[in-house]
Amino acid sequence: MITLYAFGPQFDLPDPSPFVTKGAMLLKMAGVPYRTDTTGFNKAPKGKLPYIDDGGAIVADSTFIRMHLEKNYGVDFDKGLSPAERGVAWAFEKLCEDHLYWVGLHARWIVDANFNKGPRTFFDNVPAPLRPLVVAMVRRQVRRNLWGHGMGRHTIAEMEQLAARDIGAIADFLADKLYLMGEAPSGADATVFPFVAHALCPLFETAILNCAERRANLVAYRDRMMRQYYPDLAGLDGKAA
Ligand SMILES: N[C@@H](CCC(=O)N[C@@H](CS)C(=O)NCC(=O)O)C(=O)O
């Protein structure tokens, strides 16, 4: 059985990493049985989660997990979509991963009020005397990554403007459809849903949350996807969505 290396549910989200949730969503959508292991971060081949172990084959990165499932399990996550729709689906996925993600990362890791409620708890198991040092070191690294990506060079107001366009684009394109690309789930939902769920996480007070909350179709989409794919977390305990 495939093992998905994850952080584990937190903040009422399936995982504090939208990429891990994407990996889980792909496995769920593919109908491939898997188990979750929350002890694999130190052995992550690319230093990040998620990665999977499929009978000894280690596949790191959510997009390569998708490609692995497509190649080895004959899954077409974009079944029924035209080439143009596949292009749009891919672009939305990457909008979330390579743009919106960075604004969220800044909001959670750099803004003290959010950091203290959220990511700081990741370090609870670090011995107390070392904890402030480790926290400062990791936060410094996150700041460097944000600078390297470029998002961290903008002011908070500028980042918020960019995130508002991202959220607006997703909400406008989703419109009143059930799933991002139409009436059936497709690969893009595996990514867009976790990012929408993260945007709507009420724990973090961010402009992204304010934007997303105002789009009723995004809230309904998040709720629908939670009921369908995470009934336990949606409070349904497996009851029909
Ligand atoms: N491109 C990767 C991104 C994964 C990623 O950024 N994971 C983050 C959590 S959201 C991580 O593990 N970060 C740990 C670190 O950078 O030290 C994917 O699609 O899987």
Net charge, residue 9 excluded, C-beta distance under 13 Å - Lys, Arg +1, Asp, Glu -1: -3
Span-rule helices in the chain, defined as complete DSSP H runs reaching 15 Å or more along the axis (Cα) with Kyte mean at least -1.0: 18-30, 62-73, 83-95, 131-149, 156-174, 187-199, 216-229
Environment charge of residue 121, counting only residues whose C-beta is closer than 13 Å and scoring Lys/Arg +1, Asp/Glu -1: +3
Two-decimal ratio, region 134-241, of alpha-carbon radius of gyration to 2.2 N^0.38 Å: 1.24
Extension reserve of the residue 112-residue 155 stretch, reckoned as 0.36 nm per residue once the Cα distance is removed: 13.9 nm
Globularity index of the chain, i.e. its alpha-carbon radius of gyration over 2.2 N^0.38 Å: 1.00
Extent along principal axes [Cα atoms of region 116-173; Å; largest to smallest]: 48, 22, 16
Relative contact order [Cα under 8 Å, 6+ residues apart], the chain, whole percent: 21 percent
Whether region 40-183 is rounded, prolate or oblate, judged on the alpha carbon gyration tensor where a/c under 1.5 counts as rounded: oblate
Summed side-chain charge close to residue 103 - residues other than residue 103 whose Cβ falls under 9 Å, Lys, Arg +1, Asp, Glu -1: -2
Rg/Rh (Cα only; Kirkwood hydrodynamic radius) as it applies to region 30-118: 1.04
Separation of the residue 176 and residue 79 label points, Cα + 7 Å toward Cβ, nm: 2.8 nm
Cβ-placed point charges (K, R +1; D, E -1), dipole of the chain about Cα centre in debye, nearest 20: 640 debye
Per-selection metrics, region 84-144 (Cα): Rg and Dmax in Å: 15.9, 55
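No lab work stands behind these numbers, since they all come straight from the coordinates. Fair warning: this is a prediction, and the values are worked out from it, not measured in the lab. Glycine also receives a Cβ, built like all others from the backbone with ideal geometry; neighbour counts cover every protein chain displayed.
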